[in-house]
Amino acid sequence: MPKYLDELNEPQKEAVLHKDGPIMIIAGAGSGKTKVLTTRITHLMSAHNIDAFNILALTFTNKAAAEMKERIERILGNSEARNLYVGTFHSVFARILRAEAGKIGYPNNFTIYDTDDAKSVVKTVVNEMSLDDKQYKPNTVYNRISAAKNALIGSAEYANDGILQQEDARANRPMLAQIYEAYARRCFKNGAMDFDDLLYKFYLLLKNHPEALSKYQRKFKYILIDEYQDTNPAQYEIIKLLGAMHENVCVVGDDAQSIYSFRGATIENILQFQKDYDDVKVVKLEQNYRSTQNILKVANEIISNNKGQIEKTLFTTNEEGEKIKLIRTMTDNDEGKMVADTIKENKLRNHFFNKDFAILYRTNAQSRSFEEALRRLGIAYRIYGGMSFYQRKEVKDFIAYLRLIVNTKDEEALKRIINYPARGIGKTSIDKAVLYANENNLTLWEVISNAALYGFRSGTLESIDGFVTSIKMFQSELNKKNAYDLAVIVGKSTGIVKELFNDKTTEGLARYENVQELLNSIKEFTETPLNEEDGEVGDKGLGAYLQQIVLLTDADNEDKENQDVVKLMTIHAAKGLEFPVIFVGGLEETLFPNAMSINTREELEEERRLFYVAITRAKQKLFLSFSNARYRFGQLQQNEPSRFIDEMPEQYLDRSYAGVAAKNNASTGWAAGSAYERMHRGFGRSAEPPVHSTTHTENKKSILSSIAARPQVKEHTPSENFVASDTSKLQQGQKVEHQKFGYGLVSKIDGSAHNPVATIVFDNNGEKKIMLNYAKLRIVE
DNA sequence: GATTATATGGTTTTT
DNA sequence: CCATATAATC
């Protein structure tokens, strides 16, 4: 009996030892499902001599895939694991599609469009069809198309489906089917696939090309799928096709953690699995090794409010643990402070490290208040999600050059850079070129590379020719130079790097650094040795690099794995992770559950599962916070506490929790909160007496203002020698006198050069934004 | 045609 | 509040 089996409990062992035939593992939160998956693969390889080349494991994130490979490698003690096909659905399918692209009429170097690219194509198509983009919002249209693809509905079928047509007609978007068709055609013409195409086209490849199907059926003798509850119909059908020959399909999932229905995922796949395969072995992992009893009991209570669960009860032999602590504050800023203070306190008192904490929230926008509070206390943190590195403008612009070099049909890339850096090819010229291209059924590149034929003005023509020549020059280097060297040439000869370098503003500096970072990543890619089997299409080229990076997420980018930082992320992003201490923020009606998701029972239940996922991330301590009011759309909005709070039995809750912050009355009320604000604006040391609580700002209305009158201006009598100073060189930190508001400290200067706006914190009248062109200010010091 | 000021409108979650 | 789209101005 191999040693690695000793570490497993009975059901886990059962799951690992089951060799052939379909198996479904229902794995509760923290029940060791990754361990089972890795051990199972290890066991297949070492005990049954299954070749790594014949095993396919699909995960939800690249990070999970890398982790899995690493663990297997560690148990096996050799490098065989690198021959496994492990990756996300999207990355594995992209890799195969790259090899088989010719069969479906695509170039091997097809571009993968991210969501932004795809929406931009939608917009282009809608405009070209002379439709109103208010009526056909790119977002809506794209989502609709995406949903169709995830359900394996092509544009023709979409157009012929009576129900879908009715739906669209009722929603005032009768032309959606036509847009879908035009969109698909345009993507094809651009040699591009969007994220959904990676599934949909792969499905079509398998379905319409029997020789390809049988090739991969023979190859993948064993298939394992992680996070099965989050697969969509397209993924389901693909697995069904791939696994049809051997039926050695192992799926692992937890219906209670299904949180991606907006992406087309359906729990139906779990139920359907047992119908589609004969003699499915079902194993349930119900022992939780992660959390305290209290946390688990609350989690079980919460999820029991959902109907139609797969029967299972999580239990643990861990200690009882502390009660779940509720933090209630007045505003979102206070919430941030309380959480940050609590982290600080716990670090001191319980010797936690920064990396032991995670702050989770429903929406990305919530990160701001936590971020500010952590920064004030000097606690290192990192935000995951939001805009990924590769979505930043400067990075995307640079990548657009590389994309165009690899695939000149990529119209999105071409339009992005044809006039970046500015070279005098404006909107009018581009529109003209696009028109010619559409009229003559040419690609945009074909038009501009023969620009002389299309009657551009001579100056414009010269610019276009210059651009085309330089791209062609880059292309000629494509096979001589590696990706990194080529990228350096691009950066240099286009002047992009220089331009960013010369921009000495803070943002400019950051942009420059980002481009440097991009070059680093290309260099790293170039220098990383080839995987043994990756030779399929010469996978070291620029094309392979580009296809890989669009599929990377922020979490994958984590180079310094064990940084001692507090992690901030959405609950979705936290799936599969665990932390000693978890904070879940914004437990308020309209936010969590989100107002968008309370219209049907299904939606609400998914929100509840999301909450379940959030609290089951915690190992030892769990804090839940909510705020009476928070800024949304720049305005203060009052919210009720979340219904999920009421669903937790009182006996497990500690409502009286008060950390350091509350004790010194800094965060429990409006007045105290503003004192805190003032302290951290540098007023703490000033000689000013503690002033009445009026840190109201012009646009940030006091939560009291709805009850009491708006803050009164405390009259100020200008000093006798009041003469308005020249404020053109006014700087942060200077003290000024305002005729009406009195003395104050300049905390910030922004606005444009012609219309500078100073943010001034007045001693008696709080923070005001003052337009320097109009205000009369006397500079005191 | 480029740069800059103003309007608008949008927030759920992500490969 | 934020980012992007449009208008205005040089």
On a straight-distance basis, which aspartates and glutamates could pair with A:Lys119 in a cross-link, Cα separation under 16 angstrom, same-chain partners fewer than 8 positions away excluded?
A:Glu128, A:Asp132, A:Asp133, A:Glu181, A:Asp194, A:Asp196, A:Asp197, A:Asp410, A:Glu411, A:Glu412
Remind me, relative contact order of chain A in percent, using alpha carbon pairs under 8 angstrom and six or more residues apart?
14 percent
Given 0.36 nm per residue, what is the gain on full extension from A:Glu372 to A:Lys219 after removing their alpha carbon distance, in nm?
49.9 nm
What list of ³J(HN,Hα) couplings, whole Hz, do you get for segment A:60-76 from phi and the Karplus terms 6.51, -1.76, 1.60, once you set θ to phi - 60° and write x for glycine and proline?
8, 10, 4, 4, 4, 5, 4, 4, 5, 4, 4, 4, 5, 4, 5, 5, 6
Cβ crowding within 10 Å averaged over residues, with A:93-103, A:436-446 ranked highest first
A:93-103, A:436-446
Can you sort A:Ser369, A:Ser120 so the residue with the fewest Cβ neighbours within 10 Å comes first?
A:Ser120, A:Ser369
Using the Cα atoms as the points, what is the convex hull volume per residue of segment A:550-652 in Å³?
154 Å³
Per-residue counts of other Cβ atoms within 10 Å, averaged by peptide: what ranking do you get for A:627-636, A:129-138, A:484-493, highest first?
A:484-493, A:627-636, A:129-138
Computed P(r) (all Cα pairs; chain A; 20 Å bins; percent)
14, 41, 36, 9, 0
Under 5 Å, built H, 5+ apart or other chain: amide partners of A:Val282
A:Met24
For segment A:186-202, in order, what is each residue's ³J(HN,Hα) by Karplus, 6.51 cos²θ - 1.76 cosθ + 1.60 with θ = phi - 60°, in whole Hz (x at glycine and Pro)?
5, 4, 4, 4, 7, x, 10, 10, 8, 4, 5, 4, 4, 7, 5, 5, 5
Karplus-derived 3J(HN,Hα), 6.51/-1.76/1.60, for each residue of segment A:424-441, Hz, glycine and proline x:
x, 10, x, 4, 4, 5, 5, 4, 4, 4, 4, 4, 4, 4, 5, 5, 9, 6
Below 17 Å, Cα to Cα, which aspartates and glutamates can A:Lys219 reach? Residues fewer than 8 away in the same chain don't count.
A:Asp20, A:Asp51, A:Glu80, A:Glu100, A:Glu211, A:Glu247, A:Glu532, A:Glu533, A:Asp534, A:Glu536
Below 24 Å Cα-Cα, how many Lys pairs turn up in segment A:248-344? Only count pairs eight or more apart in sequence, or on different chains, if you could.
16
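How do the peptides A:591-599, A:236-244, A:270-278 rank, highest first, by the average count of neighbouring beta carbon atoms within 10 Å per residue? Write down the numbers at each step before the final one.
Numbers: A:591-599: 16.9, A:236-244: 19.7, A:270-278: 15.0.
Top to bottom by mean Cβ count within 10 Å: A:236-244, A:591-599, A:270-278.
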Before rounding to the nearest 500, sum -39500 (n - 2.57) across all DSSP H runs of length at least 4 in chain A and divide by the residue total; then give [θ] at 222 nm in deg cm²/dmol.
-13000 deg cm²/dmol
Using Cα centres only, tell me the gap between segment A:188-255 and segment A:1-78 in whole Å.
20 Å
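Only the coordinates and a few stated rules stand behind these numbers; no lab work does. Because the structure is a prediction, the values reported are computed rather than measured. Neighbour counts are summed over all protein chains in view; Cβ atoms, including those assigned to glycine, are modelled from backbone coordinates with ideal geometry.
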